[in-house]
Amino acid sequence: MEITSIAPLVLLLPFLMFIFLGLTAHKFSGQTSAKIGTTAFGIVAILCYYIAGQYFFGNFSVTDANGFEVFNKTGEVYNQMTIFNWTWMQMTENLVIHIGFYLDPISAMMLVVIATVSLMVHIYSYGYMFEHGHFDEGMSRYYAVLSLFSFAMLGLVLATNIFQMYIFWELVGVSSFLLIGYYFFKPAAVSACKKAFIVTRFADMFFLIGILILSYHTQTFDFDKLNADNAKLVIESFAITEGCRGITFLGFPLITIATFCIFLGGAGKSAMFPFHIWLPDAMEGPTPSSALIHAATMVVAGVFLVARLFPVYSFSAPEVLNAICYIGAFTALFAAIIAVAQTDIKRVLAFSTISQIAYMMVALGVARFGNHETELGFTASMMHLFTHAMFKAMLFLCCGCIIHCVESNEMSKMGGLWKYMPKTAWCFLIGCLAIAGIPPFSGFFSKGEILSACMENGYTAIYVVMTFTAGLTAFYMFRLFFHIFFYEENPEYATSHHKPHDQGWQMTLPLIVFAVVTVVFFLLPGFNKAITATRTEMEMPTNWTVEGISIAVALLGIGIAYLLYFKKNEKPANIMAKCPALCEFVYNRMKIDEIWYGITRSFIFGVICKAIAWFDHNCIDGFMNFCAFVTQKTSLGTKDAQSGNVQQYVWVFIMGVITIAFLALY
Amino acid sequence: MIPVQFYLVISTLLFFIGVFGFISRKNLIGLLMSIELILNAVNINFVAFNRYLFPEQIEGYIYSLFVIVVAAAETAVAMAIIMNVYRKFGNETVKSIKELKN
């Protein structure tokens with residue numbers, strides 16, 4: 001197959017599926033829509049695998065805009081390829097917006113991630129939504145939005161220019177909004193989807209400002225030009241961003257402001273502190289969509305964005321990378337602490353997602369473009385993105401199975417499920433081991449590399465924080481695991497005629513696929529070689545001290561969780577009784593939501609909105625009222641002239657004639 | 001020969017009597033009659049000026065005849081309207097038809 005001819009299908013097919021399923025929602029039953037949607041996405045997934053496989057292992061070429069033939073690989077270097085680049089809007093000669101298809105190691109990897117997770121979620125949702133089944137006619141809508149999301153996410157990672165990325169960035173935001181609010185009859189879901197949309201949209205405002213500043217000064221949207229990093233082009237790249245480095249605003253170079261604003265956009269989507277507040281609430285959506293959007297793909301868009309512009313950050317704004325790394329480290333620790341105190345299983349996973357994405361951000365923050373030693377963090381981050389997408393999606397889908405049986409999200413309703421749903425339990429265990437960083441599961445490799453990157457680039461404080469967070473991660477994940485599957489069995493299970501059980505094949509197959517990927521990750525060929533910032537192959541170093549410490553900390557975390565939560569006992573309650581205020585504080589997510597709410601209420605509503613409302617009320621309405629007042633008075637004064645009494649008219653007419661006659665005469 | 005001023009005084013008196021009647025009468029038929037007076041004042045002017053200024057020509061006479069014909073036609077139409085007004089409102093005063101609605 002010719003890559004150039006199949007590449008457009010990757011974007012077109014999900015989009016057409018969205019339109020088709022959306023328009024025929026009332027014609028087909030939910031199951032039919034699900035089958036059509038899943039089949040179509042299956043084709044897309046095969047194309048994605050094929051393109052990524054050809055890119056990493058095959059040999060093909062495309063012709064670029066200047067007529068040169070570009071191969072996917074020259075020697076050791078994987079090239080950046082623009083498969084196609086349609087002009088979408090030509091505003092002026094320089095200002096052109098393209099829609100294209102851009103292949104480089106990270107977008108090829110994202111193709112694999114999106115294809116795998118989205119396909120598995122399509123399959124899983126068939127079982128989940130159908131058996132959950134009180135809302136069958138909504139299923140067509142659900143699948144239509146899933147297609148929209150897949151389209152948007154693929155367009156985002158394949159963007160050739162930052163503006164295309166922004167367009168698809170907003171599209172994934174919309175589909176996230178639609179999926180969180182899928183149960184629109186539940187007030188909690190409605191407020192959660194509004195919250196998610198408003199918070200991410202607020203962050204996207206910064207993204208847009210950043211794009212505008214950057215592209216105004218560099219005169220380009222194209223990643224190719226922004227990221228140009230080959231020997232000669234490095235200098236050009238400097239030159240390109242040097243234009244905005246010279247100019248300062250409020251004491252900061254403009255490039256710093258631009259790149260930081262772009263990062264803030266990414267922080268909104270990737271739920272970095274303080275924009276993380278939307279993600280825990282987003283768990284109101286159906287669980288499979290949480291697995292797809294709020295665990296594996298959309299929330300890593302921010303990481304992908306920073307990785308995409310990594311040369312710009314590294315050359316032109318290393319101080320922003322430092323900021324990213326400190327914000328990331330704080331978020332990781334903060335979210336891990338909150339996760340310890342949550343009782344809703346999906347909320348625990350949500351905070352764990354925030355924490356793990358922060359790991360990726362930290363890894364990007366400590367990396368520097370240049371040679372293989374300094375850019376280890378970049379590779380580690382992308383690797384963690386991949387492994388995290390797989391095992392976190394699996395954990396969410398396991399949660400879906402559990403919630404399906406128990407019909408509650410609360411930990412206290414669970415316990416002792418191990419013997420009822422062994423397949424789910426095994427998959428969950430694999431996921432927990434992977435996220436805790438126990439070899440040989442996938443999480444161990446990626447997390448180990450992140451910690452080594454922190455250590456080797458000289459961020460020792462960050463390294464200590466991240467290692468501690470790794471211990472906390474192990475603790476809260478195993479607290480969750482033991483609490484769900486052991487602890488104290490809910491007495492209702494034994495007596496109930498509807499015992500918890502493993503679900504049908506549609507819901508078990510995705511778990512097993514993800515579990516297999518997680519377990520055999522270290523056998524996957526070529527991964528850690530290809531995905532580097534310089535796009536040359538590299539061997540991952542193994543820092544045994546760092547790895548050893550991380551395993552020890554993880555085991556410690558698991559051990560504490562085992563002592564406290566394996567069997568029912570009084571210890572957790574006793575510990576919590578010692579500092580109830582602190583527990584309450586952490587359980588309430590450290591009051592960050594309240595702070596935002598307070599800022600919104602007291603500052604935005606109380607000051608800005610009040611001033612605007614005053615202006616609107618008095619100035620704009622006042623002007624309108626004044627106009628109305630004048631008109632009314634004038635008409636009241638003159639309406640007697642229009643009496644309809646013909647004799648009065650004649651009287652006026654005669655008087656007028658006489659007056660004119662006198663005027664004419666004298 | 002009677003001087004032209006006599007005719008003019010008569011016609012002016014007639015005109016203002018008509019105008020006064022048009023303004024002060026409550027009855028629609030009275031109004032119609034007042035209009036006839038005004039038209040007749042005009043006719044007198046036409047005839048008088050024709051006689052004194054251009055005795056060899058007859059345009060002024062013809063115009064006064066025109067005015068009489070038009071006045072007759074107008075009276076016919078006005079009478080029809082007044083009949084309708086009377087049927088609708090039960091009287092034929094000017095006050096009853098000052099509203100545009102209904």
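The values are calculated or read from the model by the stated rules, or taken from the named source; none is laboratory data. Because the structure is a prediction, the values reported are computed rather than measured. As a convention, Cβ positions derive from the backbone with ideal geometry for all residues, glycine included, and neighbour counts pool all protein chains shown. Side chains included, ligands, DNA and RNA excluded: accessible areas come from the protein's heavy atoms. Shrake-Rupley method; radii C 1.70, N 1.55, O 1.52, S 1.80 Å.
Annotations for the structure displayed:
- Just one residue in the set B:47, B:19, B:85 is within 14 Å of another protein chain (Cβ to nearest Cβ) and either acidic (Asp, Glu) or over 14 Å from the mean Cα position of the chain (by Cα) (or both); that residue is B:85.
- Residue in segment B:59-75 that is within 14 Å of chain A (Cβ to nearest Cβ), surrounded by 13 or more Cβ atoms within 10 Å (Cβ to Cβ) and of a type in the set (Asp, Glu) present: no
- Candidate set from segment A:1-30 (those that are in a loop (DSSP other than H, G, I, E, B) and open to solvent by less than 70 Å² (accessible area, probe 1.4 Å)); member that is modelled with the highest pLDDT: A:24
- So residue A:603, is it at pLDDT 80 or above and either under 30 Å from residue A:279 (Cα atoms) or surrounded by 13 or more Cβ atoms within 10 Å (Cβ to Cβ) (or both): yes
- Which numbered condition residue B:89 fails, given (1) surrounded by fewer than 15 Cβ atoms within 10 Å (Cβ to Cβ); (2) at pLDDT 90 or above: (2)
- Check on residue A:41, under 27 Å from the mean Cα position of the chain (by Cα), over 17 Å from residue A:110 (Cβ atoms) and of a type outside the set (Val, Ile, Thr): no
- Any hit, segment A:469-488, residues being within 14 Å of residue A:402 (Cβ to Cβ), over 25 Å from the mean Cα position of the chain (by Cα) and not in a helix (DSSP H, G or I): yes
- Of the helices (runs of 4 or more DSSP H) lying entirely inside segment A:314-419, those carrying at least 1 residues that are open to solvent by 10 Å² or more (accessible area, probe 1.4 Å) and hydroxyl-bearing (Ser, Thr, Tyr) are A:318-341.
- Taken as a whole, segment A:520-537 holds no residue that is in a helix (DSSP H, G or I), modelled with pLDDT of 80 or more and either in contact with a Leu (Cβ under 9 Å, 6 or more places away or on another chain) or open to solvent by 40 Å² or more (accessible area, probe 1.4 Å) (or both).
- Members of segment A:611-653 found to be of a type in the set (Asp, Glu) and away from chain B (no Cβ under 14 Å), listed by number: A:616, A:621
- Where helices (runs of 4 or more DSSP H) fall wholly inside segment A:159-234, the ranges with 2 or more residues that are of a type in the set (Phe, Trp, Tyr) are A:162-180, A:187-218.
- Hits in segment A:140-169 - residues which are within 18 Å of residue A:307 (Cα to Cα) and in contact with an Asp or Glu (Cβ under 9 Å, 6 or more places away or on another chain): A:160, A:161, A:162, A:166, A:169
- Some residue of segment A:72-81 being closer than 22 Å to residue A:155 by Cα, of a type outside the set (Val, Ile, Thr), free of Cβ contacts under 8 Å to residues at least 60 places away in the same chain and surrounded by 15 or more Cβ atoms within 10 Å (Cβ to Cβ): yes
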